[in-house]
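Visitor: A single structure is presented below for examination.
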Amino acid sequence: MLSSSILINSDNKNSDPKGTHTTVQELKMSLESLFNETHNLPNIPKVVQELIENFNNPDINADDISKKVQMDQVISAKVMRLANSARYGAGRKIASIDSAVVMLGFDMLKTLVVASGVTGAFKDIPGFDKKQFWRDCFMIASISKLVAKHTEIDPETAFTCGMMHNIGELLIHIVHEETAVKIDKLVESGANRVELQDNQFGYDYTQVGFELAKRWNFPEEILLSVRQQHNPNDFDEFSPLAAIVHIADYLNEAFKAEKEKEDILSGFPGDVAKPLNIDLVSFFEELVELTEAEDDIDDLLKD
């Protein structure tokens, strides 16, 4: 059952004030129906599952995990592409997983393994641009990592939250193919995705993503970031990671729309950023460098 501290307030309703006041029981039933219709629930490789279950374990055996990664040829190939990419690489050729541990550090390798496993868990969906979806996720993950560097939050955890933030949207497109495409088009015209999904299905992508991440055994802090990203200030328990993802999503959309710098800064969600105590001057300087970095994400998404 979904955690009541995350989904409800004292009057036993959905804690999003903009929602349609779905009761906890109704939400639970709706989500169960969704997952029951998803006959082939996306699976992630065993080594990725093990990393997720030990995400915050400082005593995890790096050598053991590295050996397991090398035994999975698909994951290993993806991790090596990430490790050598212009956007995520160390600036010099990495020839093996063992070298990646040395040059990138185990925390970053762990992040790249999880990213590789999650992106490979979903097959193509009719009418859905999966490549663009993962491009956005990688970009939001990268911005989230950059934001976290200007706070006290772990950057690699922030990257993983960015990768996972929209995972529920994939399941919605699998189960509600035609309606999901219609919602996408309305959102492109300015409609609110959360409100439309709640109206049509009784849940939205943040609730679906929370439930999927929970079934994959992601830690609580990542679950909260997925669930609270849309309106992080409206929950009793503030999630810094949700706030970081919210900011990253805003910036990614602003850059995609090719907004002028002045418009991006004037619309920046300062109310969400304030509790994070971000040094905005140095952050925006580094953000420009990130957006101008070589774009090789398409190569990273190859099977």
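Visitor: Just to check your reading of the model, which residue among ILE60, ILE52 is part of a helix (DSSP H, G or I) and modelled with pLDDT of 80 or more?
Guide: Working: ILE60 fails: part of a helix (DSSP H, G or I).
So the residue among ILE60, ILE52 that is part of a helix (DSSP H, G or I) and modelled with pLDDT of 80 or more is ILE52.
Visitor: Let me ask something additional. Being open to solvent by less than 20 Å² (accessible area, probe 1.4 Å) and in contact with a Lys or Arg (Cβ under 9 Å, 6 or more places away or on another chain) is the filter; apply it to the range 76-109 and report the residue that is modelled with the lowest pLDDT.
Guide: The selected residue is LYS78.
Visitor: Still on this structure, please answer the following. Return yes or no: is GLY117 open to solvent by 40 Å² or more (accessible area, probe 1.4 Å), among the small types (Gly, Ala, Ser) and within 24 Å of ASN43 (Cβ to Cβ)?
Guide: Answer is no for this residue.
Visitor: Note down all Cβ pairs under 8 Å where the first residue falls in the range 222-244 and is aromatic (Phe, Trp, Tyr), the second is open to solvent by 10 Å² or more (accessible area, probe 1.4 Å), and they're at least six residues apart or on different chains.
Guide: Filtered contacts from the range 222-244: PHE235/SER15; PHE238/PRO275.
Visitor: Additional query: Quick test of your reading of the structure: GLU26 fulfils all but one of (1) of a type in the set (Asp, Glu); (2) modelled with pLDDT of 60 or more; (3) not in a helix (DSSP H, G or I). Name the failing condition by number.
Guide: Among (1) of a type in the set (Asp, Glu); (2) modelled with pLDDT of 60 or more; (3) not in a helix (DSSP H, G or I), GLU26 violates only (3).
Visitor: Among the helices (runs of 4 or more DSSP H) lying completely within the range 218-289, list those that include at least 3 residues that are buried (at least 22 other Cβ atoms within 10 Å of the Cβ) and touching a Ser or Thr at 6+ places or on another chain (Cβ under 8 Å).
Guide: The helices (runs of 4 or more DSSP H) meeting that bar are 220-228, 240-256.
The values are calculated or read from the model by the stated rules, or taken from the named source; none is laboratory data. This is a predicted model, so every value here is computed, not measured. Positions of Cβ are generated from backbone atoms using ideal geometry, with glycine treated the same way; all protein chains shown enter the neighbour counts. Side chains are part of the model used for accessible areas, which takes the heavy atoms of the whole protein and leaves out ligands, DNA and RNA. Shrake-Rupley method; radii C 1.70, N 1.55, O 1.52, S 1.80 Å.
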